[in-house]
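What follows is a short report on a single structure.
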Amino acid sequence: MTSGAQRDPRFDVLFEPIRIGPVTAKNRFYQVPHCNGMGHRDPTALAWMRGVKAEGGWAVVCTEEVEIHPTSDVNPFIELRLWDDRDIPMLARTADRIHEFGALVGIELAHNGPHAANHYAREVPLAASSIPVTTAGYEPLQARAMDRQDIRDLRRWHRAAALRARQAGFDLIYVYAGHALTVLHHFLSRHHNRRSDEYGGSSRNRVRLLEEIIGDTKDAVGDTCAVPCRIAVDELLGTDGLEKAEVEELIGLVAELPDLWDLSLAAWPNDSITSRFGPEGGQEPFVSGVKGLTTKPVVVVGRYTSPDRMASVVNKGIADFIGCARPSIADPFLPKKIEEGRLDDIRECIGCNICVSGDFTMSPIRCTQNPTMGEEWRKGWHPERIRPQESDKPVLIVGAGPAGLEAAQALGKRDYEVTLAEKGTALGGRVARECRLPGLAAWGRVRDYREQQLHQLPNVNVYFDSDLDAAAVLEFGVPRVVVATGARWRADGLGRSRARPMPIAAGARVLTPDDIMAGTVPSAGTRVAVWDDDHYYMGGVIAELLADKGCTTHYLTPASEASTWTQNTMEQHFIQARLLEKGVTIQSFTNLDAVSEGSITASCVFTGRTEEIEADAVVLVTSRAPEDRLAEELAARADDWGDAGIETVTTIGDALAPATIAHAVYAGRRYAEELDGPAVEGDDVPFKREIAELLPLD
Ligand code: ADP
Ligand code: SF4
């Protein structure tokens, strides 16, 4: 939005070109490999998503992990494949698209070893030693120990994949030994590698396979392509796993062999830690020092969104490149905005890992901050551009939560006259409330970015203290009305487990997350039961808050674990550990049947056996009721719309169907993108998709 500004000289260092083996990156912004839930199912959508980052100024844009052989089949997860020549065109499409915008393109070749259950390929999983497969879900499978022929095969597969990758147009061809996800990592790790041959035992022996594969790759493609190595600097498993000192010793043995070192923590949840559990730059203590071991450039990650912090990483000699996955998802144009001195326009990642949930749910990547993520090709959306208005009809948006804010700023950029009416005195809706909960401060960035954009849009007028009813909306009389009035937590226990209101005795103290966020918090020493039938972050975060306030907190859930859906954001382990450390009692497989004064009746989800638990207060975290009063009133007065000049009333976000913040932002964007656009015909699929190529039958 801001134009004419110039780059701050403090950040000049970030725009220096850096040589990586035979290729040169134009600056220090490096999009490290990251998963996205699209992979081989959605190749063109994937190519366009990566291309937008290249357009946004990243010097290097990489793929996600790319399976090099059917023995590395991570189904049901959807990554990329380079099993044979037929996969080359799909990958070439990504490489070509990134090249169109002048970035280097990297491919992360991977053999996942025991982290591939091979459900699709039905091959026996391979590993350094005979161990159970390391995939999530306790698969009843073991990998077999690789013999010398298997090692020769692996080297041949990797070499063949590297040659195919070069043919597809890639500039950087990775050797991936990171995240505890690959067989090369497992050979390095004493935890996984129990071999007694020349590939096991000493550091020298354990690094041998990595050394051979980097050598093979350089030999195959190193004259024209750079060969980076991605390695885990610490597994955070104590002496049981790889630790910093040992990894530095391993790196020291092959320090000059790859063209670049790409460093991160293992396992993936430690690397991509959410803002609730780790700060920006949190990996610096682990990666500092590696640069001194090698003359090759080093990439580090750490959810960097602050240009000052990025410059300090370079100036302190921690790394040569600022590696980003999530910051490049939330803002594909982050480098360009720094270059153009538009720091206020940066859409900072909030560290929520909704993007990661795309991979875990095998659905195209989505982002809380960037609703265009994954829709660049499917819907033709762009994070920085939106087509101009196609009518001069103004829009009234009621409610300034994430849905209303996103609709307002996107429509404002289309030059529509927009009125944003908010009944409260602040922007942000649920985000403004939730960012005050323990660990969620960064979530306020959803509001901050949009507030900043609205400041630059004179055609968007914001009115606070405007609690609109149907009469007020009719009186306002604009053609387009958007109802984005949000939702409130239910106080009657209805949700997944209960279809009918819960018996609640008169005199019982029942609270909802809205009450807690509004400041009604039981005093220290109160015995509080939290029943979480929502299963995302809210129940766990409320229990944490209550424990912090000194309440004796008893968390109950029908699920097997606290905040179970956060498996998809890789937070569940951290949440459960934090609650336990704070003294919260966690009771799994438990329903809440009734609330009395001073106690609750809970029951086992399997047997139905009940028990009475003493509780002075109960927080019900079950489901939310849409705040749909205004929408219903307006619907009831549809006959009056014509006289008032109203053409459409559209309910979006939580007011329509409560969901994640990402859903609300997407709903706001969708309204803005589709307004006055071509109508979806009949039952047509409202986005582009690719379907499998059918082979001839004979
Ligand atoms: P979403 O996630 O769908 O954006 P939120 O609950 O975060 O929903 O935000 C809804 C916003 O709408 C809140 O800020 C709330 O104060 C506001 N709001 C609700 N009802 C009205 C109304 N009738 N008039 C104006 N603003 C309203
Ligand atoms: Fe960041 Fe959340 Fe977007 Fe992922 S989904 S990039 S963590 S804002």
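Can you tell me the mean projection area, over all orientations, of the convex hull of the range 9-360's alpha carbons? Units nm², please.
Numbers: hull surface 62.0 nm².
The orientation-averaged projected area of the Cα hull of the range 9-360 comes to 15.5 nm².
If you wrap a convex hull around the alpha carbons of the range 404-552, what volume per residue comes out, as a whole number of Å³? Could the numbers behind the result be given before it?
Values: hull volume 23.0 nm³, N = 149.
Hull volume normalised by residue count: 154 Å³.
Using the Cα centre of the chain as origin and beta-carbon charges of +1 (Lys, Arg) and -1 (Asp, Glu), tell me which of 199, 685, 374 is placed farthest towards the positive end of the dipole.
Of the candidates, 199 comes out farthest on the positive side.
Under a crude label model (7 Å from the Cα following the beta-carbon direction), how far is residue 614 from residue 362 in nanometres?
Label-label distance for residue 614 and residue 362, simple model: 4.9 nm.
Excluding residue 289 itself, calculate the net charge of residues whose Cβ lies under 15 Å from the Cβ of residue 289, where each Lys or Arg counts +1 and each Asp or Glu counts -1.
On the way: positive: 244, 291, 296, 316; negative: 234, 243, 246, 248, 249, 284, 320.
Charge balance in the 15 Å sphere: -3.
By per-residue mean of other Cβ atoms within 10 Å, what is the highest-first order of 601-608, 365-372? Kindly include the intermediate steps, with their values, before the conclusion.
Numbers: 601-608: 13.4, 365-372: 25.5.
Those peptides, ordered most packed to least, come out 365-372, 601-608.
Got a sec to turn the phi values of the range 256-269 into Karplus ³J(HN,Hα) couplings, 6.51 cos²θ - 1.76 cosθ + 1.60 with θ = phi - 60°, whole Hz, x for Gly and Pro?
9, 6, x, 8, 6, 10, 10, 10, 6, 7, 10, 6, 3, x
Of all DSSP beta bridges in the chain, what percent run antiparallel (nearest 5)?
Percentage antiparallel, nearest 5: 25.
Rounded to the nearest 0.05, what FRET efficiency do residue 629 and residue 236 have when you use their Cβ-Cβ distance and R0 = 56 Å? Don't skip to the answer; put the middle values down first.
Working: r = 49 Å, r/R0 = 0.87.
Efficiency, from the Cβ-Cβ distance: 0.70.
Where q = 0.17, 0.20, 0.24 Å⁻¹, what log10 of I(q)/I(0) comes from the Debye formula for the range 466-551, counting one point per Cα?
-0.83, -0.98, -1.25
Where does each of 8, 150, 683 land when they are ordered by accessible area, with a 1.4 Å probe and the largest first? Could the numbers behind the result be given before it?
Values: 8 50, 150 15, 683 155 Å².
Highest to lowest solvent-accessible surface, that is 683, 8, 150.
Can you figure out the FRET efficiency of residue 684 with residue 549, using R₀ = 60 Å and their beta-carbon distance, to the nearest 0.05? Present the calculation step by step, with values, prior to reporting the outcome.
Numbers: r = 52 Å, r/R0 = 0.87.
Calculated value: 0.70.
Could you tell me which residue out of 128, 77, 89 lies farthest along the dipole of the range 63-149 toward its positive end? Charges go on the beta carbon: Lys and Arg +1, Asp and Glu -1, centred on the Cα centre.
128
Need one number: nm distance between label points at residue 84 and residue 596, each 7 Å from Cα along Cα→Cβ, rounded to one decimal.
7.0
Considering every Cα-Cα pair within the range 40-150, what fraction, in whole percent, is farther apart than 15 Å? Write down the numbers at each step before the final one.
Working: 3974 of 6105 pairs.
Value for the range 40-150 (Cα pairs over 15 Å): 65 percent.
At a Förster radius of 41 Å, what calculated FRET efficiency corresponds to the Cβ-Cβ distance of residue 589 and residue 506, to the nearest 0.05?
Working: r = 30 Å, r/R0 = 0.72.
For residue 589 and residue 506, the calculated efficiency is 0.85.
Over the Cα atoms of the chain, what is the Rg over Rh ratio if Rh follows Kirkwood? Kindly include the intermediate steps, with their values, before the conclusion.
Values: Rg = 26.8 Å, Rh = 27.0 Å.
Reported Rg/Rh, Kirkwood definition of Rh: 0.99.
Could you please state, rounded to a whole Å, how far the C-alpha centre of the range 334-389 is from the C-alpha centre of the range 179-250?
The range 334-389 and the range 179-250 have Cα centres separated by 34 Å.
Around residue 270, what is the net charge, scoring Lys/Arg as +1 and Asp/Glu as -1 over all other residues with Cβ under 10 Å from its Cβ?
Working: positive: none; negative: 234, 235, 271.
Local charge sum for residue 270: -3.
Please figure out what share of the DSSP beta bridges in the range 492-624 is antiparallel and state it in percent, rounded to the nearest 5.
Here the antiparallel bridges make up roughly 40 percent for the range 492-624.
Relative contact order for the range 372-481: what is it in percent, counting Cα pairs under 8 Å that are at least 6 residues apart? Working shown, then result.
On the way: 167 pairs, mean separation 33.7, N = 110.
Relative contact order here is 31 percent.
Using only alpha carbon pairs under 8 Å that are at least six residues apart, calculate the relative contact order of the chain and give it in whole percent. Could you put the intermediate results ahead of the total?
Working: 1640 pairs, mean separation 81.5, N = 698.
This gives 12 percent for the chain.
Between the DSSP loop rule and a limit of at most 16 other Cβ atoms within 10 Å, which trypsin sites (Lys or Arg not before Pro) in the range 520-594 are left?
Working: sites: 527, 549, 578, 582; in loops: 549, 582.
Sites meeting the loop and neighbour criteria: 549, 582.
How big is D for the range 485-641, in µm² s⁻¹ as a whole number, if Stokes-Einstein is applied with the Kirkwood radius of its Cα pairs at 20 °C and 1.002 mPa s?
Numbers: Rh = 16.2 Å.
For these conditions, the coefficient is 132 µm²/s.
What does DSSP give for the range 9-360 in terms of the percent of beta bridges that are antiparallel, rounded to the nearest 5?
Numbers: 5 of 36 bridges.
Just about 15 percent of them are antiparallel.
Going by average Cβ neighbours within 10 Å, how do the peptides 352-359, 28-35, 82-89 rank, with the highest at the top? Spell out each step's value before the answer.
Values: 352-359: 24.4, 28-35: 26.9, 82-89: 15.8.
So the order, starting with the most tightly packed, is 28-35, 352-359, 82-89.
I'd like the distance between the alpha-carbon centres of the range 73-118 and the range 21-70, rounded to an integer number of Å.
9
In degrees from 0 to 90, rounded to the nearest 10, what is the angle of the helix 43-55 Cα long axis to the longest principal axis of the chain?
So the helix axis and the longest Cα principal axis differ by about 90 degrees.
Just to make sure I understand: if all protein chains stay in place, what is the order of 104, 656, 634 by accessible area at 1.4 Å, largest first?
656, 104, 634
Give the relative contact order (percent, whole number) for the range 9-360; include only Cα pairs under 8 Å separated by 6+ residues. All intermediate terms of the calculation are to be shown ahead of the outcome.
Details: 809 pairs, mean separation 61.6, N = 352.
18 percent.
Given the rule -39500 (n - 2.57) for each run of at least 4 DSSP H residues, summed and divided by the residues of the chain, what is its mean residue ellipticity at 222 nm, to the nearest 500 deg cm²/dmol?
Numbers: 23 runs with 204 residues, N = 698.
Mean residue ellipticity, 222 nm, calculated: -8000 deg cm²/dmol.
In angstroms, what radius of gyration and Dmax does the range 167-286 have, counting Cα atoms only?
Every Cα atom of the range 167-286 included, Rg and Dmax give 14.8, 44 Å.
Note the angle between two axes, namely the Cα long axis of helix 537-548 and the longest principal axis of the Cα atoms of the chain, as a number of degrees from 0 to 90, rounded to the nearest 10.
Once rounded, one gets 80 degrees.
With only Lys, Arg, Asp and Glu charged, each at its Cβ (+1 for the first two, -1 for the last two), find how big the charge dipole of the chain is about the Cα centre; round to the nearest 20 debye.
Numbers: 75 positive and 102 negative charges, 273 e Å.
The calculated dipole for the chain is roughly 1320 debye.
What's the ranking of 477-487, 109-119 by average number of surrounding C-beta atoms within 10 Å, highest first? Show your work: numbers first, answer last.
On the way: 477-487: 23.7, 109-119: 25.8.
With the highest mean Cβ count within 10 Å placed first, the list reads 109-119, 477-487.
In whole Hz, with x marking every Gly and Pro, tabulate ³J(HN,Hα) for the range 660-672 from phi via Karplus 6.51 cos²θ - 1.76 cosθ + 1.60, θ = phi - 60°.
6, 4, 4, 5, 5, 4, 4, 5, x, 5, 4, 4, 5
Using only the heavy atoms of the protein chains and a 1.4 Å probe, how would 273, 504 rank by accessible area, largest first?
On the way: 273 35, 504 65 Å².
Descending order: 504, 273.
Give, rounded to the nearest 20 debye, the magnitude of the charge dipole that the range 197-239 has about its Cα centre when Lys and Arg contribute +1 at Cβ and Asp and Glu contribute -1 at Cβ. Intermediate values should be presented prior to the final figure.
Details: 5 positive and 9 negative charges, 26 e Å.
Roughly 120 debye, rounded to the nearest 20.
In the chain, if the dipole is taken from +1 on Lys/Arg beta carbons and -1 on Asp/Glu beta carbons about the Cα centre, which of 258, 653, 442 is farthest to the positive end?
Most positive-ward Cα: 258.
Express in whole angstrom the spacing between the alpha-carbon centres of the range 272-291 and the range 643-698.
38
What is the magnitude of the charge dipole of the range 316-387 about its Cα centre, with +1 placed on the Cβ of each Lys and Arg, -1 on the Cβ of each Asp and Glu, and no other charges, expressed in debye to the nearest 20? Let's see the in-between values first.
Values: 11 positive and 11 negative charges, 42 e Å.
Approximately 200 debye in magnitude.
The values are calculated or read from the model by the stated rules, or taken from the named source; none is laboratory data. Since this is a predicted model, take the numbers as computed values, not measurements. Note that each Cβ is placed from the backbone with ideal geometry, even for glycine, and that neighbours are counted across all protein chains shown. Heavy atoms of the whole protein, side chains included, go into the accessibility calculation; ligands, DNA and RNA do not. Shrake-Rupley method; radii C 1.70, N 1.55, O 1.52, S 1.80 Å.
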